[in-house]
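A.B. asks: First the structure, which I've put down as structure tokens, then a few questions once you've had a look.
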Amino acid sequence: MSQKEILEKLTNAVVAGDRDACAGLANEALKAGVDPYVAIMEGCSKGMEVLSKRYDTGEAFVPDILVAADAMNEAIAILKPHMKVEKATTKGKVALGVCEGDIHDIGKNIVKILLDAAGYEIIDLGPSVPVKTFVDTVREKKPEVLGISALMTFTMFGMPEVIDALKDAQLRDSVKVIVGGGPISAMFAEKIGADGYGNNGPEAVRLVGRLLGEKGGAQ
Amino acid sequence: MIHFQSAEMTPLQRWRAILSGDPVDRVPVFPFAFGHNAILFGYPNLGDLYSKPELAYKTQIVAREIYGWDQPLFFWSPSWGITEYGGKSLFPYNPKMMSVTMVEPAVKTPEDAERLEVPDPKKDPNMIEAMKWMKKAVENKEMPMFFLSGGWLTNLDKIVEIQTVMRWIKYHPDLIKKLLAKTVEFAVRQTELLISEMGADTWIAMEATPTDSNTLISPQTFEQIVLPSAIAVHQKVLDLGVPMWFSHFCSNQNGNIKAGLIDRIPMGRPGIIHFGPEVDLKVTVERFGKKNIVIGNIDPPSIMLQPYEEVIKLAKADIEKGMYSPRGYIMGVGCELPPRTPTANVYALVKAAREFGRY
Ligand code: B12
């Protein structure tokens, strides 16, 4: 199989959520001398992007995305140990969490899967994260980006609280804050002084790329 | 056209008239307010509301009096379908929480799922307490009321972590079906208990189904996995003598509607149908209005965040779409009223019904 063929098949296997095929193709890629980094980025990661677009158009659903992520991780587990060290370092660190009181975490998890697939290191703070935990994470783990999700009007006002607390802790300039989730809009994001808003997973990935690019951090 | 100029109907009169297909003076209003009622009483959080049926009872009655809405009483077991099965729950004592949360699932592995036993609701002290207040409601002629039931993926996500549910749909569909059958059996047992304590004509079975929506699952998954148990639970509860179901088919159900899947669920005569704000009320009226009472679905976050005048407009638009639905219409909010909705905006719903919803 040519490199192109292997990558295409890997993409399709991720989209189909076929764990066995993913594992087989990852081994095949290594045997054929495909750069593992290329296999992850242009094979696996692309599959997640395809699926996530299908979710937005109503052609794929949450079970499809989760199962595809499992299949992708199967391939990554095989490919990653063979990656060259400088490529194995990530494109940047993103901390993700859902506002305090909000247990809706499916959207946040999908954003996490896609950012992970796109090569970012993720610090997952989980659902219902207190303001203080967001601030402590920024101070101690120094992520380049902090992503906050909220699905309820009840909890979305935790977002400006986090931004204010970051300012109080003199940490606001050290991190880009991005927000998303059902009731959030670009207007709300601007009003609370966030650095960006993403309407869905692929948008979140583009947004992080853009923000880190601006900082000169990532390619 | 009938005019009730001087004699305004009471909320309960309106509710019963709609059920029996009799004329009403104006469009009834169900704001789906629960958490909001505790805020109205000055509680700093919703913890007591969700854990103490007495408070749920009291706040619903007074809130209805204050606002003049028509919503009947809703009841649930504070065990919430979580602790009966052996899971752990957290009541919303944190002021930022909006509902009961499952913090440890009863089922983590496929083996747990196979072993899971259908609980006996008689052994659930929270159910006993809830029934005490339901009986009180019967004494005070507050009927019919609603009791939260169901045999859906939304009930399953109180037993198994939701992302596991989503994965098992793909990896172990038969296991999901088995678990759903257990939730159906539990709903049947609760129904039998309620009937033995207060008859079948004092209450209506209700359900709310976000996890079964097309926001998360495909119409195919709905048809293959959810629909059989949905039909089973509806039919069994109706066969036991409960007159009808009130179904809050939550969030985006457009795929399920288009595929004709909702039509296959027996609702009773009439059923009461309520979709999330993603579904156009016009479609609901056209598709389901002949056999069912339909409830409107104004977007909940807009009611909380928009100014008063805008909420009046949204309510008016809901009335215009639903008011002449053949088997009856109730103006409503598309999911729970956000608890911290400003008082004036809640009142705007009733105000709009009085102004634009007269028959
Ligand atoms: C599934 C669901 C649930 C599940 C959640 C399970 C879980 N672990 O997540 C369950 C059944 C438990 C649940 C419970 C409740 N829910 Co609910 N739920 C939903 C539902 C149907 C779907 C949410 C979802 O998962 N969507 C799918 C994901 C993939 O989409 P998403 O979250 O929007 O994420 C995408 C984008 O927004 C974006 N994104 C998300 N986060 C981020 C972050 C960043 C940084 C970026 C850039 C992008 C981004 O990318 C994601 C991928 O594309 C919504 C309805 C809706 N239309 O959203 C209601 C909804 C969110 N729920 C609602 C309510 C009211 C509740 C309850 C309070 C009901 C109750 N009274 O019991 C409880 C609260 C429970 C609690 N303890 O807090 C309301 C909230 C309304 C409001 N007040 O604002 C909604 C909107 C329904 C409605 N129409 O009213 N719910």
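The values are calculated or read from the model by the stated rules, or taken from the named source; none is laboratory data. Because the structure is predicted, anything quoted here is derived from the model rather than measured. Quick reminder, even Gly has a Cβ in these numbers, built from the backbone with ideal geometry, and neighbours come from all protein chains shown. When the accessible area is computed, the model is the full protein with side chains, heavy atoms only, and any ligands, DNA or RNA have been set aside. Shrake-Rupley method; radii C 1.70, N 1.55, O 1.52, S 1.80 Å.
A.B. asks: More than 17 Å from the chain's Cα centre (by Cα), among the hydroxyl-bearing types (Ser, Thr, Tyr) and over 28 Å from B:LEU12 (Cβ atoms): which single residue out of B:TYR85, B:TYR67 fits that description?
C.D. replies: B:TYR85
A.B. asks: Going residue by residue through region A:158-175, is there one that turns out to be within 14 Å of chain B (Cβ to nearest Cβ) and either in contact with a helix residue (DSSP H, G or I) (Cβ under 6 Å, 6 or more places away or on another chain) or without any contact (Cβ under 8 Å) to a residue 24 or more places away in the chain (or both)?
C.D. replies: Checked region A:158-175: at least one residue is within 14 Å of chain B (Cβ to nearest Cβ) and either in contact with a helix residue (DSSP H, G or I) (Cβ under 6 Å, 6 or more places away or on another chain) or without any contact (Cβ under 8 Å) to a residue 24 or more places away in the chain (or both).
A.B. asks: With A:GLU190, A:GLU121 as the choices, which residue is within 22 Å of A:ILE76 (Cβ to Cβ) and without any contact (Cβ under 8 Å) to a residue 40 or more places away in the chain?
C.D. replies: A:GLU121
A.B. asks: Turning to a different aspect of this structure: Mind counting the residues in region B:237-281 that are open to solvent by less than 10 Å² (accessible area, probe 1.4 Å), more than 18 Å from the chain's Cα centre (by Cα) and farther than 24 Å from B:PRO300 by Cβ?
C.D. replies: So the count comes out to 1.
A.B. asks: Could you tell me whether region A:133-145 includes any residue that is closer than 24 Å to B:SER302 by Cα, open to solvent by less than 30 Å² (accessible area, probe 1.4 Å), away from every other protein chain (no Cβ under 14 Å) and out of contact with any Lys or Arg (no Cβ under 6 Å at 6 or more places or on another chain)?
C.D. replies: No: region A:133-145 contains no residue that is closer than 24 Å to B:SER302 by Cα, open to solvent by less than 30 Å² (accessible area, probe 1.4 Å), away from every other protein chain (no Cβ under 14 Å) and out of contact with any Lys or Arg (no Cβ under 6 Å at 6 or more places or on another chain).
A.B. asks: Going by the structure shown, is A:ALA21 within 14 Å of another protein chain (Cβ to nearest Cβ), surrounded by 16 or more Cβ atoms within 10 Å (Cβ to Cβ) and of a type in the set (Gly, Ala, Ser)?
C.D. replies: no
A.B. asks: Let me ask you something else. Scan (1) more than 16 Å from the ligand (Cβ to nearest atom); (2) out of contact with any Cys (no Cβ under 6 Å at 6 or more places or on another chain); (3) open to solvent by less than 50 Å² (accessible area, probe 1.4 Å) for the single condition A:ALA77 breaks and write down its number.
C.D. replies: Among (1) more than 16 Å from the ligand (Cβ to nearest atom); (2) out of contact with any Cys (no Cβ under 6 Å at 6 or more places or on another chain); (3) open to solvent by less than 50 Å² (accessible area, probe 1.4 Å), A:ALA77 violates only (3).
A.B. asks: For region B:169-179, what are the residues that are part of a helix (DSSP H, G or I), away from the ligand (no atom under 15 Å from the Cβ) and within 14 Å of chain A (Cβ to nearest Cβ)?
C.D. replies: Matches in region B:169-179: B:LYS170, B:TYR171, B:PRO173, B:LEU175, B:ILE176.
A.B. asks: Would you pick out the residues in region B:282-303 that are open to solvent by less than 30 Å² (accessible area, probe 1.4 Å) and within 16 Å of the ligand (Cβ to nearest atom)?
C.D. replies: B:THR284, B:ILE295, B:GLY296, B:ASN297, B:ILE298, B:PRO300, B:SER302, B:ILE303
A.B. asks: Looking only at region A:192-201, decide whether some residue is assigned to a helix (DSSP H, G or I), at pLDDT below 95 and within 8 Å of the ligand (Cβ to nearest atom).
C.D. replies: yes
A.B. asks: Also, quick follow-up: Please work out which one of (1) more than 16 Å from the ligand (Cβ to nearest atom); (2) open to solvent by 10 Å² or more (accessible area, probe 1.4 Å) is the condition B:HIS234 fails and give its number.
C.D. replies: (2)
A.B. asks: Just to verify a result, which residue in region B:65-107, among those that are among the charged types (D, E, K, R) and buried (at least 21 other Cβ atoms within 10 Å of the Cβ), is farthest from the other protein chains (Cβ to nearest Cβ)?
C.D. replies: Looking at the filtered set, the residue picked out is B:ASP70.
A.B. asks: Among the listed residues A:LEU115, A:LEU96, identify the single one that is more than 13 Å from chain B (Cβ to nearest Cβ), touching a Lys or Arg at 6+ places or on another chain (Cβ under 7 Å) and buried (at least 19 other Cβ atoms within 10 Å of the Cβ).
C.D. replies: That would be A:LEU96, the only listed residue that is more than 13 Å from chain B (Cβ to nearest Cβ), touching a Lys or Arg at 6+ places or on another chain (Cβ under 7 Å) and buried (at least 19 other Cβ atoms within 10 Å of the Cβ).
A.B. asks: Here is a follow-up. Going by the conditions given, is B:TRP203 open to solvent by less than 10 Å² (accessible area, probe 1.4 Å), touching a Leu at 6+ places or on another chain (Cβ under 8 Å), among the aromatic types (Phe, Trp, Tyr) and within 16 Å of the ligand (Cβ to nearest atom)?
C.D. replies: No.
A.B. asks: Sort out which residues of region B:326-344 are of a type outside the set (A, V, I, L, M, F, W, C) and open to solvent by less than 10 Å² (accessible area, probe 1.4 Å), and write them in order of number.
C.D. replies: Those that are of a type outside the set (A, V, I, L, M, F, W, C) and open to solvent by less than 10 Å² (accessible area, probe 1.4 Å): B:TYR329, B:GLY332, B:GLY334, B:PRO338, B:PRO339, B:THR341.
A.B. asks: Scan region B:341-353 and tell me whether some residue there is within 13 Å of the ligand (Cβ to nearest atom), over 15 Å from B:GLY68 (Cβ atoms) and modelled with pLDDT of 95 or more.
C.D. replies: There is at least one residue in region B:341-353 that is within 13 Å of the ligand (Cβ to nearest atom), over 15 Å from B:GLY68 (Cβ atoms) and modelled with pLDDT of 95 or more.
One line per residue, one yes/no per condition, for (1) closer than 16 Å to B:GLY81 by Cα; (2) open to solvent by 30 Å² or more (accessible area, probe 1.4 Å); (3) more than 14 Å from every other protein chain (Cβ to nearest Cβ):
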position: B:LYS158; (1), (2), (3): yes, yes, no
position: B:GLN163; (1), (2), (3): no, no, no
position: B:ALA181; (1), (2), (3): yes, yes, yes
position: B:ARG189; (1), (2), (3): yes, yes, yes
position: B:GLU197; (1), (2), (3): no, yes, yes
position: B:SER218; (1), (2), (3): no, no, no
position: B:ILE225; (1), (2), (3): no, no, no
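A.B. asks: Further question on the same structure: Across region A:24-69, what is the number of residues that are within 11 Å of another protein chain (Cβ to nearest Cβ) and of a type in the set (S, T, N, Q)?
C.D. replies: 0
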